[in-house]
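Please find one structure pasted underneath; my questions will follow.
Here, each number is a calculation from the coordinates, and none is a lab measurement. Note that this is a predicted model, so its numbers are computed, not measured. With ideal geometry, Cβ positions are generated from the backbone for all residues, glycine too; neighbour counts draw on all protein chains shown.
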Amino acid sequence: MCCDSGAGRLARRHGRARHPPVLRTGFLHRRKHGGTLPEHADAPGYRIESHTATHDEATFRRLAHELREHCTTGTGWLGGTFPGDDAALTVLAAEPDGTGWRWQTWHLYPAASGGTVVHTASRWHHEPQRPQEAQRADEP
């Protein structure tokens, strides 16, 4: 399904996500508000990884085209463009993963020549309570 939001174009498809081989992620640490995005962060049942890269014009435009194509034809993809440049994108690809979900995001920021891409990969799984924690939850 495609929608024109006025400020940009959105494409959405439901179902399993296919992950394009466009970027590989690093690991992420907790970030402070306004700081640089760290490489990884972990919490019970949750993990996020990120990678930021600068690309030349041809590589950046090719990635933007691939991501737009996935949003139009893939399943589990949502993408939004922003005014002024068709390569100014935010893309989300998500899929169920056992007892949780996994998803990736791409944020493309065009520059005078090429652009910057911020890619994240996240995973959340329900973690059942351990017997000790369940017992404490039942106590008054």
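Listed highest first by mean packing, meaning other Cβ atoms within 10 Å per residue, what order do 66-76, 42-52 come in?
On the way: 66-76: 17.7, 42-52: 15.5.
Most protected by this proxy first, the peptides run 66-76, 42-52.
Would you kindly calculate the translational diffusion coefficient of the stretch 49-128, applying Stokes-Einstein with the Kirkwood radius from alpha carbon pairs, for 20 °C and a viscosity of 1.002 mPa s, and quote it in µm² s⁻¹ without decimals? Intermediate results must be reported in sequence, preceding the final value.
Numbers: Rh = 13.3 Å.
Estimated via Stokes-Einstein, D reaches 161 µm²/s.
Once phi is turned into θ = phi - 60°, what whole-Hz ³J(HN,Hα) does the Karplus curve with 6.51, -1.76 and 1.60 give for every residue of the stretch 77-89, x standing for Gly and Pro?
10, 9, x, x, 9, 10, x, x, 6, 4, 8, 7, 10
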